[in-house]
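Worksheet for the structure shown next.
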């Protein structure tokens, strides 16, 4: 029998929504796109992903905003914490079907997400200075 993956929890600021992932994130990165800046109220968002079957909501319900057709941003309806990002089909040459993307900072232990890159640095705010040595990409 195979080994069971270690579970990791996460959730929103007020605790109304909780989720669980099986195993550590498969990938994580910082997104500087204007959409993420506005949705999260910060200079960039740090996202992580796991296979969709490894992500489950264990308490409460995630609400969604679909400002851009086919892109759903999930959040807590009580405190507003951004929790997830989902794209239907292919978006800008990427097919994210079968993946669950979530805000890495919402993990109980965010250190398990190790960002690998900065994306959409074409939208990077001029007052952010990148000095972490990670690769940067103009877009995704």
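Inside segment 17-52, can you point out the residues that are in contact (Cβ under 8 Å) with a residue 40 or more places away in the chain, more than 23 Å from residue 132 (Cβ to Cβ) and surrounded by fewer than 16 Cβ atoms within 10 Å (Cβ to Cβ)? Selection gives 51, 52.
The rows are residues; the columns are (1) under 12 Å from residue 10 (Cα atoms); (2) modelled with pLDDT of 95 or more; (3) in contact with a helix residue (DSSP H, G or I) (Cβ under 6 Å, 6 or more places away or on another chain); (4) surrounded by 15 or more Cβ atoms within 10 Å (Cβ to Cβ).
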position: 95; (1), (2), (3), (4): no, no, no, no
position: 109; (1), (2), (3), (4): yes, yes, no, no
position: 121; (1), (2), (3), (4): no, yes, no, yes
position: 126; (1), (2), (3), (4): no, yes, no, no
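Looking at the structure I just gave you, is residue 101 touching a helix residue (DSSP H, G or I) at 6+ places or on another chain (Cβ under 7 Å), at pLDDT 95 or above, closer than 27 Å to residue 9 by Cα and in a strand (DSSP E or B)? Answer is no for this residue. Residue 115: over 18 Å from residue 41 (Cα atoms) and touching a residue at least 40 places away in the same chain (Cβ under 8 Å), yes or no? So residue 115 passes the test. With respect to the stated conditions, residue 46 is part of a strand (DSSP E or B) and either modelled with pLDDT under 90 or touching a strand residue (DSSP E or B) at 6+ places or on another chain (Cβ under 6 Å) (or both).
For residue 20, the criteria (1) in contact with a helix residue (DSSP H, G or I) (Cβ under 7 Å, 6 or more places away or on another chain); (2) part of a strand (DSSP E or B) hold in every case but one, which is (1). Given the criteria more than 15 Å from residue 8 (Cβ to Cβ) and at pLDDT below 95, does residue 139 qualify? Yes.
The values are calculated or read from the model by the stated rules, or taken from the named source; none is laboratory data. Note that the coordinates shown come from a computational prediction; the quantities given were computed from them, not determined experimentally. Every residue, glycine among them, receives a Cβ derived from its backbone with ideal geometry; neighbour counts consider all protein chains shown.
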